[in-house]
Amino acid sequence: MTEPPETPPPSPPPARTIRIEGPAGAIEALYRPPSPEPVEGPRPEPVEGPRPEPVEGPRPEPVEGPRPVPVEGTRPADPRPGNAPEPALSLPNGPALSLPNGPALGLPNKPALSPSPPRAALLCHPHPLFGGTMHNRVIFQFEKAFAATGRATLRMNFRGAGASEGAHDEGRGERDDVRAAADALAGFVPGAAIDVLGYSFGCWVSWRALGDDPRTATLTGVGVPLRTADFAFARELRRPVTIVQGEEDEYGDGAAVRALAASFPVPPRLFLLPGADHLFTRGYERLLAAIPEVVAGL
């Protein structure tokens, strides 16, 4: 018999450009819906080979003997309607046997398992005054990895970047942009637990905006810019944190990131990439190799 081939996982649906109403005007974003659950299709019929013919042999002759004589006596009660019903069947230490809509046959009631909430990912790009947009290659690669797990994803342009309206606000108004994007994502996927990822400036802004938001499941920072931004607030974070950093990042090298990690109430996951700089002009292949493991642990 030939085994049916395994069904490959479905490809993530395509992303589409959307516009979110933000405090400084429309925010340009790319939203990718969650992957649908795999649909079971008809399985191929097994390949049957020739079946062996049954071997016919002589059948034994029936042995005739005296048949038992029926014994006349009291007949059992007629079970047809109108007669007294049989008593209910009882189980030891359990309720009586019941018909549909009744309790189980003496089995303990098991509490229903609550389904886990759907997951979604919100990704925030590097500094817009230095060319950062939602099309940044690091953000793009992480978005693909999140989508491959079935999550809905949303990456957005901060105010003044790309086609988003408004002007750069040095990280103040950008926090409102992140909250508006999270509201939109929660509207697309109600009840979703959101994995928040920011690269450089996007890390600083998104962690401050959503670090204590009840919808936030995890916080991930890539290229945490310790030299140009104050991360003292991170010591108060209570969400699981992951940091992906180049050992030679000019805005926060390996030693600086280890010191930051030591100040967290719960030690974060650290991915320190040897030889990698802030923009991953060096160490980009190492980053690509690490991304699946980073996302799988969230």
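The values are calculated or read from the model by the stated rules, or taken from the named source; none is laboratory data. No experiment lies behind these values; they were computed from the predicted model shown. When we count neighbours, we look across all protein chains shown, and the Cβ atoms used for this are built from the backbone with ideal geometry, even at glycine. These accessible areas exclude ligands, DNA and RNA; they are computed on the full protein's heavy atoms, side chains included. Shrake-Rupley method; radii C 1.70, N 1.55, O 1.52, S 1.80 Å.
Say each of E285 and A255 gets a label point 7 Å from the Cα, pointing the same way as Cα to Cβ; how far apart are those two points in nm?
Going by the 7 Å Cα→Cβ label model, 2.9 nm.
Probe 1.4 Å, all protein chains in place: accessible area of I18 in Å², nearest 10?
Surface accessible to solvent at I18 totals approximately 20 Å².
Could you order S200, S263, S11 so the one with the most accessible surface comes first? Probe is 1.4 Å. Mind showing how you got there, number by number?
Numbers: S200 15, S263 40, S11 95 Å².
The ranking, largest first, comes out as S11, S263, S200.
Would you check the accessible area of L270, probe 1.4 Å, heavy atoms only, in square angstrom rounded to 10?
70 Å²
Taking only protein heavy atoms and a 1.4 Å probe, what accessible area per residue, in Å², does the stretch 155-217 have with all protein chains in place?
Each residue of the stretch 155-217 exposes 32 Å² on average to a 1.4 Å probe.
Pop out the Kirkwood hydrodynamic radius of the stretch 210-257 from its pairwise C-alpha distances, inverse of mean 1/r, in Å to one decimal.
Taking the inverse mean of 1/r over all distinct Cα pairs, the stretch 210-257 comes out at 11.6 Å.
Calculate the dipole size of the stretch 171-298 relative to its Cα centre from +1 charges on Lys and Arg beta carbons and -1 charges on Asp and Glu beta carbons; express the result in debye to the nearest 20.
Magnitude of the dipole: close to 320 debye.
At 1.4 Å probe size, with no ligands or nucleic acids counted, give the accessible surface of D183 in Å², nearest ten.
Approximately 80 Å² for this residue.
About its Cα centre, how strong a charge dipole does the stretch 164-227 have in debye, to the nearest 20, once Lys and Arg get +1 and Asp and Glu get -1 at the Cβ?
Charge dipole of the stretch 164-227: 220 debye, to the nearest 20.
If you stretched the chain out fully between H168 and A232, how much longer would it get, using 0.36 nm times the residue separation minus the C-alpha to C-alpha distance? It would help to have the intermediate numbers written out before the result.
Details: separation 64, 0.36 × 64 = 23.04 nm, distance 2.31 nm.
Between H168 and A232, full extension yields 20.7 nm more.
Full-extension gain between A148 and A262, please, as 0.36 nm times their residue separation minus the C-alpha to C-alpha distance.
On the way: separation 114, 0.36 × 114 = 41.04 nm, distance 3.20 nm.
Gain on stretching A148 to A262: 37.8 nm.
For a bin width of 5 Å, list the pair-distance distribution of the stretch 181-298 built from all Cα-Cα distances, rounded to whole %.
Pairs per bin, as whole percents: 2, 12, 23, 24, 19, 12, 6, 2, 0.
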